[in-house]
Amino acid sequence: MTAVRISDDALALACGADALAAAFEAAGCAVERVSSWGMHWLEPLVEIDGMGFGPATPEDVDAILSGKSAKAIGPIAAHPFIAGQQRLTFARAGRTRALSLEDYERTGGWAGLERARRIGPEHVLDEVARSGLRGRGGAGFPAGVKWRTVAQAPGARKFIVCNADEGDSGTFADRMLMEGDPLQLIEGMAIAAHAVGAAQGYIYIRSEYPHAIRKLRDALKLCADIIAPFTIDVRVGAGAYVCGEETSLLNSLEGKRGEVRAKPPLPALQGLFGCPTVVNNVLTLAAVPHILAEGGAQDYEARGTGRSKGTMPIQLAGNIRHGGLYETSFGITLNQLIFEIGGGTASGRPVKAVQVGGPLGAYLHPGQFDIPFDYEAYAAADALIGHGGITVFDDTADMAALARFAMEFCAAESCGKCTPCRIGSVRGQEIIDRILSGGRQADAVELLPQMHNARLAQRSQAEEVQLLEELCAVMKDASLCALGGFTPYPVVSALRHWPADFGLGAR
Amino acid sequence: MTTEAVIAEILAAHPREQSALLPILHDVQAEFGYVDAAAERIIADALNLSRAEVHGVVSFYHDFRSAPDPRPVVQICQAESCKARGIDTLMQAARDAAGERVRLAPVYCLGLCSVGPNARVRDQLHARLDEAQLVSLVKAQ
C-alpha cells in the first residue's frame, strides 16, 4: 500500500487537505497526517517516498499515483526553499506527526529536558544566557536575564507563562509550531520551570486558533508523566489583540479585563497572581530544547550576527509568490527574502512596500531592503523585527489607507487604560482624513462667538501633517505599552516614504 | 433545563475563583451564544465578584456578546496580509451576499497570512478566496 503524507496544519486544512486525504484513502493509500513543511504556496502538499506534489487537489490523485503529475516538485527536503534554511526550532516541520511521542523521541525529543535535569537549574540558566537567546515575541529581551531574575526572586510560587496570543497579521510561526510540534514547546516550558523553580505553567492561546488549542491539549495529555511534577494549563483568549502584551495577558489569565499594567513591577518579580513569572513567546520557549541539548548553546550562539544570535523563524506573508516559513540565522536581507526566496509578489506586480513585524511594524521601502535582519539594525532604521512576520504589498497598495488602518486598528484594540493610545488613535484617524482632504476649515463649534480663542483661519495640509507627526511622537513616548507606542511606526514610515499617497508633494 | 441550571452546571465544572472567569464565560457563550445580565449576575455570585466586574470582562473581549444574535457568522480577515492579497476588493460583494441574514464579523488575523484572503465559519477555515468563493461561502450559511 502506498504511504502518503499530507499535513493537518490549519493552513493545509484551509486549502483543502482533508478532501485530498480522503481521496487518497479512497484510492487505497495509507495516509499519514504530518506537520507542514512550511511551503505554503504548495499546500496541500503530498509526500510519497520523500517526493513532493503540490498544490494538489482530489483531481490530481490518479496522476500523482501513476507518476505522471505535472505538480511534482521532486524531493521535498532538497527543494531550494527547504535546503537553504537553517531549521532548529522547526527541525521537525514536515517530518513528524504532531501528536506522536514516538516520532518526537526518535528526532531527539526530551534530550534537552533530560540534560537540564542532569546538570541542574544553575547550569541551565548559564546555558540559556550563553546561547544569546532573546525573546522572540518582539521586544528581544535576553531570555537568560529574565529567567535568572525569576529564579532569584523571592517567592514560594512561581509560574511559566507561554504567550501564544499570536495576533499580528503576517505571523503564523507560533501557530505552526503549536500545531506541528507541540511537544517541543511543552519541553521548553518544562526546562524553564526546572530552571526557575516553577510548578505550574499556562499557555495563553488566542481563540482564533482552534486547531492549535486542540493539539496542545492532546499533547499535554500524552506527556503529563514526562513533565511531571510540572503541570501546564491551556487558557483560551477571547479575541483581544492587546492580550498579546504580557501584563495584559496576565490580567486576562487572572480573569480580569485585559488591561495593561504599568511596569515596574516587572512580571519577572510580580507577575501572575503577584508571583515571579516567566512570560515568554512560543518561539522563545520552543528554541530552548535545542539549546539545552549537548553542545546546543554554543551552536546557537555561533549563528546570527552582532547581538542577534541564533535563528529566527521568518514568516513570508501577504502578496508573495512563495510564502511560508523560512527559519534562518539573523543577518539575511529583505532583498534575499522577498526576491530570491519568495519569488517576488504573487500578483506579479512590482513590490511597493513591506511591513516587517506585524501591524505595529514600520513599512519599509524597496530602498531599505538591504538592511540586515537584526534587532539593532532594524531599530536604527526606525523599524522593528517584531515576531518576524514579513507582509509584502504590490504597487496597488494605498499607503495612506494602510496608515489610517493602523490607527483604526489601534482604536479598535486599545485596552483603554492610557490616553495616548485610547484617544490618540481616534484623533490619528481624523487627522489622516483631514490630510487626505487637503486640510480643513474651522468647524461650526470653532466659529461660535463664545469660542473667542479658537483659530478661525483654515488649517493647511502641511499643518495637519505636522500635527500628525506630533501626535505620533506623543503616542510613541507616552503610551503604556507597545500597542499605542508602536502604532506610529507604520503611520510615520508610510508618511515618510510614500507622501504622494497622502496627496502630498515630495518631502 | 432552565438557564440557571445550565449555568450552575458550567460553574460546577470550574474552580470557584476569579481566574476561572474567562473559561466560564467561554462555556456560557458557547452554550447560549451570549452572556446577558442575568448570566453575569449568577456568575458574579458564584465567584464572589460584583456584577460590574463580570460585566467589565464580558464587554472587554470581542468574543463575548451581551445579546443573542441568531444569524450565522462568517469571520473575514481584514488585517494587513489579507489586505495585501486583495480582501478589500471582495468585501462589497460579501456584504451584498450577506444582507441582513448573515453577520459578517471582521477578524484580525487567522494566521494563514501567506494564502489569503481568508475566512472562518465556526472551526472551518477557508483560504485563497476569490469573489465567487467568498460569496458562495456567505450564501451557504
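Details
- Any hit, the range A:130-140, residues being over 22 Å from A:VAL234 (Cα atoms), of a type in the set (Lys, Arg) and under 23 Å from the mean Cα position of the chain (by Cα): yes
- Residue in the range A:193-229 that is farthest from A:ASP174 (Cα to Cα), counting only those that are buried (at least 24 other Cβ atoms within 10 Å of the Cβ), more than 13 Å from chain B (Cβ to nearest Cβ) and β-branched (Val, Ile, Thr): A:VAL196
- Candidates A:ALA297, A:ALA268, A:ALA287, A:ALA262, filtered to the one that is surrounded by fewer than 21 Cβ atoms within 10 Å (Cβ to Cβ) and away from chain B (no Cβ under 14 Å): A:ALA262
- Residue match in the range B:98-121 (condition: within 12 Å of chain A (Cβ to nearest Cβ), among the charged types (D, E, K, R) and under 14 Å from the mean Cα position of the chain (by Cα)): yes
- Any pair with Cβ under 6 angstrom, 6 or more apart, that starts in the range A:396-415 at a residue that is at the interface with chain B (Cβ under 9 Å from one of its Cβ atoms) and in a helix (DSSP H, G or I) and ends at one that is of a type in the set (Ser, Thr, Tyr) and crowded, with 23+ Cβ neighbours inside 10 Å: A:ALA406/A:THR487; A:GLU413/A:TYR241
- The set of residues in the range A:9-35 that are crowded, with 24+ Cβ neighbours inside 10 Å and free of Cβ contacts under 8 Å to residues at least 24 places away in the same chain comprises A:ALA14, A:ALA21.
- Test: residue in the range B:65-74 that is within 12 Å of chain A (Cβ to nearest Cβ), under 19 Å from the mean Cα position of the chain (by Cα) and either buried (at least 17 other Cβ atoms within 10 Å of the Cβ) or not hydroxyl-bearing (Ser, Thr, Tyr) (or both): yes
- Restricting attention to the range A:138-172 and to residues that are within 14 Å of chain B (Cβ to nearest Cβ) and in contact with a Phe, Trp or Tyr (Cβ under 8 Å, 6 or more places away or on another chain), the residue that is surrounded by the fewest Cβ atoms within 10 Å (Cβ to Cβ) turns out to be A:ARG157.
- If only residues of the range A:300-334 that are in a helix (DSSP H, G or I) and of a type outside the set (Ser, Thr, Tyr) are counted, the one that is nearest to the other protein chains (Cβ to nearest Cβ) is A:LEU334.
- Qualifying residue in the range A:250-267 (condition: touching a Pro at 6+ places or on another chain (Cβ under 7 Å) and closer than 29 Å to A:PHE486 by Cβ): yes
- The criterion of at least 1 residues that are among the basic types (Lys, Arg), under 25 Å from B:TYR61 (Cβ atoms) and modelled with pLDDT of 95 or more is met by the following strands (runs of 3 or more DSSP E) wholly inside the range B:89-141: B:103-107, B:119-121.
- Test: residue in the range B:53-63 that is out of contact with any Ser or Thr (no Cβ under 7 Å at 6 or more places or on another chain) and under 30 Å from A:VAL351 (Cα atoms): no
The values are calculated or read from the model by the stated rules, or taken from the named source; none is laboratory data. None of these values were measured; they are calculated from a predicted model. Every residue, glycine among them, receives a Cβ derived from its backbone with ideal geometry; neighbour counts consider all protein chains shown.
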